[in-house]
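Trainee: I am attaching a structure below and will ask some questions about it afterwards.
The values are calculated or read from the model by the stated rules, or taken from the named source; none is laboratory data. What you are looking at is a predicted structure, and each value in this text was computed from that prediction instead of being measured. Backbone-built Cβ (ideal geometry, glycine too); neighbour counts: all protein chains shown. Just so you know, the surface numbers come from the protein's heavy atoms only, side chains and all, with ligands and any DNA or RNA stripped out. Shrake-Rupley method; radii C 1.70, N 1.55, O 1.52, S 1.80 Å.
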Amino acid sequence: MASGLFDKYPDLNVVIGHLGEGLPASLWRIDHRINAMPDVGMPAKKPLSEYFRRNFYTTTSGNFFTPTLMGAIAFMGVDRVMFSVDYPFEHMSEAAAWFDGLDVLSPDDKAKIARGNAEKLLKLG
C-alpha cells in the first residue's frame, strides 16, 4: 500500500482473508505513526487506511468471531466483506452454523456477505 501502487492502479482490488489479518484494527496506528514522521519518504499519496477501505475486500475465512466481523464491517463497510471458510483448516459446518446464527446483521447485509459481494467483485451475476 505504501509503494504508490494504488495511486497508479486505483481500480486494483485485493482480497485478504481472516477478516483483514488484523489490519483493520491496526491501520489507525499505522497512519498515525506515518503522519508523525513526514520525512519517511513513502510514495503513497493517501493514508494507508484509505487504500485499505477502497482497494481491499476481506473474507471471514477461518475467523468466525462476531466482534471481529463487526469491526471489519465498521472499518471497511459491509460491501467489502465476503463469507468463506478456510477449508481444510476449518469446517464448513462450523462456519455455516456461525454465519447462519448471526443476529447482528440485517438479512440484506447477510445476503451481501454470503454471496452478493463476491458476485459483484468477481462479475459472477
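Trainee: List the residue pairs whose Cβ atoms are under 6 Å apart, where the first residue sits in the range 16-27 and is over 15 Å from Met82 (Cα atoms) and in contact (Cβ under 8 Å) with a residue 24 or more places away in the chain, the second is open to solvent by less than 30 Å² (accessible area, probe 1.4 Å) and in a strand (DSSP E or B), and the two are 6 or more positions apart or on different chains.
Mentor: Pairs that qualify, where the first residue is over 15 Å from Met82 (Cα atoms) and in contact (Cβ under 8 Å) with a residue 24 or more places away in the chain and the partner is open to solvent by less than 30 Å² (accessible area, probe 1.4 Å) and in a strand (DSSP E or B): there are none.
Trainee: Just checking, how many residues over the range 35-56 are surrounded by 16 or more Cβ atoms within 10 Å (Cβ to Cβ) and either touching a Leu at 6+ places or on another chain (Cβ under 7 Å) or in a loop (DSSP other than H, G, I, E, B) (or both)?
Mentor: Adding up the residues that qualify gives 6.
Trainee: Out of the range 87-125, which residues are closer than 16 Å to Ile16 by Cβ and surrounded by 17 or more Cβ atoms within 10 Å (Cβ to Cβ)?
Mentor: Ile113, Asn117, Ala118
Trainee: Tell me which of these Asp108 doesn't satisfy, since it passes every other one: (1) under 22 Å from Ala2 (Cβ atoms); (2) among the charged types (D, E, K, R); (3) not in a loop (DSSP other than H, G, I, E, B).
Mentor: (1) is the only condition that Asp108 fails.
Trainee: Now for a different question. So, in the range 63-83, how many residues would count as being assigned to a loop (DSSP other than H, G, I, E, B) and either open to solvent by less than 30 Å² (accessible area, probe 1.4 Å) or of a type in the set (Phe, Trp, Tyr) (or both)?
Mentor: Let us first name the residues in the range 63-83 that are assigned to a loop (DSSP other than H, G, I, E, B), namely 63-65, 77, 83.
Narrowing further to those that are either open to solvent by less than 30 Å² (accessible area, probe 1.4 Å) or of a type in the set (Phe, Trp, Tyr) (or both): 64-65, 77, 83.
The total comes to 4.
Trainee: Between a residue in the range 68-96 that is among the polar types (S, T, N, Q) and any residue that is modelled with pLDDT of 95 or more and part of a loop (DSSP other than H, G, I, E, B), which pairs come within a Cβ distance under 6 Å, given they are 6 or more apart or on different chains?
Mentor: From residues that are among the polar types (S, T, N, Q), the pairs are Ser84/Thr60; Ser84/Ser61.
Trainee: Looking at the range 111-121, is at least one residue β-branched (Val, Ile, Thr) and either touching a strand residue (DSSP E or B) at 6+ places or on another chain (Cβ under 8 Å) or more than 13 Å from Thr60 (Cβ to Cβ) (or both)?
Mentor: Step one: of the range 111-121, the residues β-branched (Val, Ile, Thr) are 113.
From what's left, either touching a strand residue (DSSP E or B) at 6+ places or on another chain (Cβ under 8 Å) or more than 13 Å from Thr60 (Cβ to Cβ) (or both): 113.
Yes; the residues of the range 111-121 include at least one that is β-branched (Val, Ile, Thr) and either touching a strand residue (DSSP E or B) at 6+ places or on another chain (Cβ under 8 Å) or more than 13 Å from Thr60 (Cβ to Cβ) (or both).
Trainee: For the range 4-31: of the residues being out of contact with any strand residue (DSSP E or B) (no Cβ under 9 Å at 6 or more places or on another chain) and open to solvent by 80 Å² or more (accessible area, probe 1.4 Å), which is farthest from Phe64 (Cα to Cα)?
Mentor: Among those residues, the one meeting the criterion is Lys8.
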